[in-house]
1. Among the listed residues THR511, THR472, identify the single one that is modelled with pLDDT under 95 and under 22 Å from LYS298 (Cα atoms).
2. Pull up region 280-291, narrow it to residues that are open to solvent by 30 Å² or more (accessible area, probe 1.4 Å) and not polar (S, T, N, Q), then point me to the one that is farthest from ILE403 (Cα to Cα).
3. What about ALA50, is it touching a helix residue (DSSP H, G or I) at 6+ places or on another chain (Cβ under 9 Å), modelled with pLDDT under 95, in the same structural domain as THR17 (by TED's automatic domain parsing) and under 26 Å from TRP131 (Cβ atoms)?
4. Taking interchain pairs and intrachain pairs at least six residues apart, which have beta carbon atoms under 8 angstrom, with the first residue in region 360-381 and assigned by TED's automatic domain parsing to the domain that holds THR24 and the second not in a loop (DSSP other than H, G, I, E, B)?
5. If you go through region 132-161 one residue at a time, how many are assigned to a strand (DSSP E or B) and either of a type outside the set (A, V, I, L, M, F, W, C) or open to solvent by less than 30 Å² (accessible area, probe 1.4 Å) (or both)?
6. Take GLU32 and decide whether it is open to solvent by 10 Å² or more (accessible area, probe 1.4 Å), farther than 20 Å from PHE188 by Cα and not polar (S, T, N, Q).
7. So, ASP120, is that one open to solvent by 40 Å² or more (accessible area, probe 1.4 Å) and free of Cβ contacts under 8 Å to residues at least 60 places away in the same chain or not?
8. Go through region 401-515 and tell me which strands (runs of 3 or more DSSP E), entirely inside it, have 2 or more residues that are within 16 Å of the ligand (Cβ to nearest atom), surrounded by 17 or more Cβ atoms within 10 Å (Cβ to Cβ) and of a type outside the set (Ser, Thr, Tyr).
Amino acid sequence: MDIQDKVIILDFGSQYTQLIARRTRESGVYSEIHPCTITAEELKDLQPSAIILSGGPASVTSSDSPGVDPVIFSWGLPVLGICYGMQLMAHVLGGKVAPSLDREYGRSELFFQDKSPLWDRVADAEKLTVWMSHGDHVLEVPPGFSVTAKTQNIEIAAMADVERRMYALQFHPEVAHTEQGDEILRNFLFHVAGLKSTWTMSSFVDSMLHNLPLQIGDDKVVCGLSGGIDSTVVAVLLNKAIGKNLHCIFVDNGLLRAGEGDEVIGYLREHFDLNLHYIKAQDKFLSRLEGLDDPEQKRKIIGYTFIEVFEEEAKKIPGVKYLAQGTLYPDVIESVSFKGPSAVIKSHHNVGGLPEKMDLALVEPLRELFKDEVRKVAQELGLPDFIVWRHPFPGPGLAIRVIGEITDERLEILRQADKIVQHELMASNWYYKVWQGFAVLLPLKTVGVMGDERTYEHVIALRIVDSIDAMTADWSRIPTEILGRMSNRIINEVKGVNRVVYDISSKPPSTIEWE
Ligand code: XMP
């Protein structure tokens, strides 16, 4: 991508580093996260317009703490240090940092001291509620700096050297609990660094449509379509960029839920002139899963069978050079990377191993984007809400939602129950409020009574969760009438089920899927 202004965020291992990147991008400024182990030359080659030093768990007072080459402070670039980043600036630039055994964690009141461009339109309030998470703090500012804020606990909660455009905050402006945190970050990006707000998803689409044909030329690209938003957006982007040289492969593994894939594929068929290879491989997958109940074994078999089926089909297309994947930015970066760049790359968990095995070069048009940005790209491309806001569906499909052994009968029970869950979520408009909602079939039977008869039948669990990024999640507080309706309908309409339970566990310690 041709980027006008780029903020480089050096990651010292804070759990909030990705949030800093998201906040700058939401303000229309492109940002990238790099491990703090990057050398000064590598950093310079990235041509940053401004640098942000993230927080992190270490203490600058210990000998093995991650550092930064002091030369970067002589480049005349605007620098913002956050939490550990502030302590590091103080340490490197000649101030003093006080070690601490205790961590201050949570809300704090911030009182403004000296004027600072970061406080523009913010300092009208006498004080701000800010989010702190630190052990050490700055005891003495470096030469050239002034103290611009304090809290009830620490005398130096923010410092600035306006002349050299260097700013530092002990609190986290990137977290939602910090009042006016967005405004403070925007003041840094626009007032201090003078950056322009040019990162929009329509400029992203334009530049992809320009660059992808240059990158790919007249070569052919193969792309696995799953029906999920990431692969759909990749396919539509590439379809617009290279037309018929894109070949999409959709594999029906027999583990899809009712309508899964078909709805999206049907839409794409109707609206885009795609080369679509629709592979029916149900028997291959289901016969290999017969008699198995171990979740890891199921996942592995599905993984390598997918690769086998995909590869077989791709080989039939002569002259394929590229494999397109919906890798997203969180797959590329990993926080806590101060131990070295080795921890940085994570392979895609659905098609891991495919590119090496098939000797194909990768095309990953979404690798710079967060999920919310992919949704905006989907909207830019004119895709409908049911694709843009589609719930995630795991690669191994219903195999990890039929707990225990997978049989045709058990898959069919789950499909019918799940269809009711989807329908009731949609009908009540809760589908778009939750992260994910689905049914799980448990490997046990319980006693019930229907009419005057004793029954002994299956149990369905409802799993409906709220989440931002699937890293953490909580069970959705769905109105009880809706849960009641789902339960009644499942028990009345799905033969073989006489009990429905609601999963009220959060992640962690549970996970979203049951297997
Ligand atoms: P867990 O169960 O780990 O799930 O809390 C987090 C999110 O990831 C989805 N998930 C998968 N997605 N392939 C996928 O594409 C997989 O193997 C896989 N396993 C879990 C899950 O649905 C949730 O959104």
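The values are calculated or read from the model by the stated rules, or taken from the named source; none is laboratory data. Here the structure is a predicted model, which means the values were calculated and not measured. Positions of Cβ are backbone-derived with ideal geometry, glycine not excepted, and every protein chain shown enters the neighbour counts. Quick note on the areas: whole protein, heavy atoms, side chains included, nothing else; ligands and nucleic acids left out. Shrake-Rupley method; radii C 1.70, N 1.55, O 1.52, S 1.80 Å.
1. Numbers: THR472 fails: under 22 Å from LYS298 (Cα atoms).
The unique qualifying residue is THR511.
2. LYS280
3. Working: touching a helix residue (DSSP H, G or I) at 6+ places or on another chain (Cβ under 9 Å): yes; modelled with pLDDT under 95: no; in the same structural domain as THR17 (by TED's automatic domain parsing): yes; under 26 Å from TRP131 (Cβ atoms): yes.
In short, no.
4. Here the result reads none, with nothing in region 360-381 linked to a residue that is not in a loop (DSSP other than H, G, I, E, B).
5. Going residue by residue through region 132-161, those that are assigned to a strand (DSSP E or B) are 132-134, 137-140, 146-151, 158-161.
Next, from what is left, pick out any that are either of a type outside the set (A, V, I, L, M, F, W, C) or open to solvent by less than 30 Å² (accessible area, probe 1.4 Å) (or both): 132-134, 137-138, 140, 146, 148-151, 158-161.
Final tally of qualifying residues: 15.
6. Details: open to solvent by 10 Å² or more (accessible area, probe 1.4 Å): yes; farther than 20 Å from PHE188 by Cα: no; not polar (S, T, N, Q): yes.
The answer is no for GLU32.
7. Working: open to solvent by 40 Å² or more (accessible area, probe 1.4 Å): yes; free of Cβ contacts under 8 Å to residues at least 60 places away in the same chain: no.
Judged against the criteria, ASP120 is not a match.
8. On the way: elements: 436-450, 453-466, 497-502.
Once the strands (runs of 3 or more DSSP E) in region 401-515 are filtered for at least 2 residues that are within 16 Å of the ligand (Cβ to nearest atom), surrounded by 17 or more Cβ atoms within 10 Å (Cβ to Cβ) and of a type outside the set (Ser, Thr, Tyr), what remains is 436-450, 453-466.
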